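> I'd like to ask some things about the structure below.
The values are calculated or read from the model by the stated rules, or taken from the named source; none is laboratory data. In this text the structure is predicted, and so the values were computed from the model without any measurement. With ideal geometry, Cβ positions are generated from the backbone for all residues, glycine too; neighbour counts draw on all protein chains shown. Note: accessible area is taken over every heavy atom of the protein model, side chains too, but ligands, DNA and RNA are not part of it. Shrake-Rupley method; radii C 1.70, N 1.55, O 1.52, S 1.80 Å.
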Amino acid sequence: MSSYTATADHPSSFSPSSSSSERDARQINADSTVDPGNIALGVIIGRSSEFFDFFVYGIASVLVFPQFFFPFTDRLTGTLLSFAVFSLAFLARPVGTVVFTAIDRAYGRGTKLVAALLVLGGSTASMAFLPGYNEIGHWAIALLIVFRLGQGFALGGAWDGLASLLALNAPPHRRGWYAMMPQLGAPIGFIFAAGLFAYFHSAISQADFLEWGWRFPFFVAFAINVVALFARLRLVASTEFGALLDRAELVPVRTVDLVKNHGVDLLIGTFTPLASFAMFHLVTIFSLSWVTLTTDHDISSFLLVELVGAIVGTGTIVLSGLLADKIGRRGQLTVSAVLIAIFSIIAPVLLSFGARGLDAFVIIGFALLGLSFGQAAGAVASRFGKVYRYSGAALTSNMAWLIGAGFAPLVALGLATSFGVAYVGMYLLSGAVCTMGAIAFSRKLDTMDD
């Protein structure tokens, strides 16, 4: 059992996050090493599985759930109700972070990770078996809400510290490059989710798609989670991970201690990535709903356009790593926020320009999203010292998702249909302003050891 000295950076209330079984596993793997490349692969696999789960739900919340769970109202209102349920997961994420941090402290990170991913995969797979409103009435909506909350609660606890492990193992001159690697999971997860839905939506009739075709991606999500779980547990049981734990660098801390010692950093870290997070669901979920409700654009074709956009976003995420290493993370995030602010002026024009305008909105939006999103996680983690990095990055990230992305489809669709698409641009601009304001207050983005 590791021990810690009670100092300002290592309070005596902290406890090691290694259970006896985890320490035994590290003894077994003591002769093996995990280099940054292997860590990066594990991080990407883990993040891809999480984003796949959420994007499968997000796409279904546009194409399926309005008719399946809310057939008693018109399509627009049904979509807004579907987006309201969509947002519940983001409310549950910070709660999950707090609860699973306590589990981590008591039973170890491996136990926490297994429990969180089983709940995440189980909640997602369970949605595939749900009957619709026409079968069991409001109980169908209630069950959807329960499983959606389960998704968010579990994802709040799925933080494994591997991104921090990757950052701490990165060469000093390549920190921006390694910081962008976990972010690749988002477009990869979306590519698989959009591809599956595009295939089923085009290969079978609309009636069959609404009856059973939409369920298959939810089954796939559970299988992907199992693969990702083993990939992540292998790294959690690595010698390097154990060594970092023993040096008290990736230890879960009590939430009250985190808030007491890093309250300002939590606040700044929450608002730093908002430009990226506001854009995140506008180019994926909102744009799909806008096409479905206001145009005759073929849905399968538009999903393929979004898939191409995700590929473009993957490229700009990689570019963000190169830029961050050359001009610093502060400069890179500032440039990205300014570009998103400019795009917020152009976006309403594109949204009003028909099918081609929507395609351009998606492709350009994904490009800017990748440039900004690529360094969002690094910006969040850099606010905290080593002891607080693990818990601080987890809670801050989930708070940022809640404020920046959780209600984005609901708010954007509500504003666009009630007041016009110009208000979508204003909503996106507010995220860019928050990011630039947070960066202006920050003094550590370029100097923290990440």
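> Among the residues of segment 385-408, are any surrounded by 18 or more Cβ atoms within 10 Å (Cβ to Cβ), in contact (Cβ under 8 Å) with a residue 40 or more places away in the chain, among the charged types (D, E, K, R) and not in a helix (DSSP H, G or I)?
No, segment 385-408 contains no residue that is surrounded by 18 or more Cβ atoms within 10 Å (Cβ to Cβ), in contact (Cβ under 8 Å) with a residue 40 or more places away in the chain, among the charged types (D, E, K, R) and not in a helix (DSSP H, G or I).
> Would you mind stating whether Leu229 is out of contact with any Phe, Trp or Tyr (no Cβ under 9 Å at 6 or more places or on another chain), open to solvent by less than 30 Å² (accessible area, probe 1.4 Å), at pLDDT 90 or above and not β-branched (Val, Ile, Thr)?
no
> Restricting attention to segment 273-308, and to residues there that are open to solvent by 10 Å² or more (accessible area, probe 1.4 Å) and among the acidic types (Asp, Glu), which single residue is modelled with the highest pLDDT?
Across segment 273-308, the extreme among qualifying residues is Asp298.
> Please enumerate the residues belonging to segment 320-355 that are of a type in the set (A, V, I, L, M, F, W, C) and crowded, with 16+ Cβ neighbours inside 10 Å. Break it down into steps so the answer makes sense when it comes.
First pass over segment 320-355, keeping only residues of a type in the set (A, V, I, L, M, F, W, C): 322-324, 327, 333, 335, 337-343, 345-347, 349-351, 353, 355.
Within segment 320-355, Leu323, Ala324, Leu333, Ala337, Leu339, Ile340, Ala341, Phe343, Ala347, Leu350, Leu351 qualify.
> State yes or no: is Leu358 open to solvent by less than 10 Å² (accessible area, probe 1.4 Å) and in contact with a Ser or Thr (Cβ under 9 Å, 6 or more places away or on another chain)?
yes
> Of all residues being surrounded by fewer than 21 Cβ atoms within 10 Å (Cβ to Cβ) and in contact with a helix residue (DSSP H, G or I) (Cβ under 6 Å, 6 or more places away or on another chain) in segment 361-374, which is farthest from Thr292 (Cα to Cα)? Just the residue, please.
So the residue we want is Ala367.
> Just give me the residues in segment 118-145 being open to solvent by 10 Å² or more (accessible area, probe 1.4 Å), under 21 Å from Ile59 (Cβ atoms) and of a type in the set (A, V, I, L, M), in sequence order.
Ala125, Ile141, Leu143, Ile145
> From (1) more than 21 Å from the chain's Cα centre (by Cα); (2) open to solvent by 10 Å² or more (accessible area, probe 1.4 Å); (3) on the phi < 0 side of the Ramachandran plot, pick out the condition that doesn't hold for Arg175.
(1)
> Scan segment 315-328 and tell me whether some residue there is over 20 Å from Ile439 (Cβ atoms), in contact with a helix residue (DSSP H, G or I) (Cβ under 8 Å, 6 or more places away or on another chain) and of a type in the set (A, V, I, L, M, F, W, C).
yes
> Next up: Looking only at residues that are assigned to a helix (DSSP H, G or I) and farther than 21 Å from Ala193 by Cα in segment 70-83, which one is least open to solvent (accessible area, probe 1.4 Å)?
Gly78
> Only one of (1) in contact (Cβ under 8 Å) with a residue 12 or more places away in the chain; (2) open to solvent by 40 Å² or more (accessible area, probe 1.4 Å) is not met by Met180, so which one is it?
So Met180 meets the others, but not (2).
> Cβ-Cβ below 6 Å, separation at least six or inter-chain, first residue in segment 72-95 and charged (D, E, K, R), second assigned to a helix (DSSP H, G or I) and buried (at least 19 other Cβ atoms within 10 Å of the Cβ): which pairs?
Partner pairs satisfying both residue conditions: Arg75/Pro66; Arg93/Gly152; Arg93/Leu155; Arg93/Gly156; Arg93/Asn398.
> Within the group Ala115, Ala102, Ala89, Ala154, which residue is over 18 Å from Arg389 (Cα atoms) and surrounded by fewer than 20 Cβ atoms within 10 Å (Cβ to Cβ)?
Ala115
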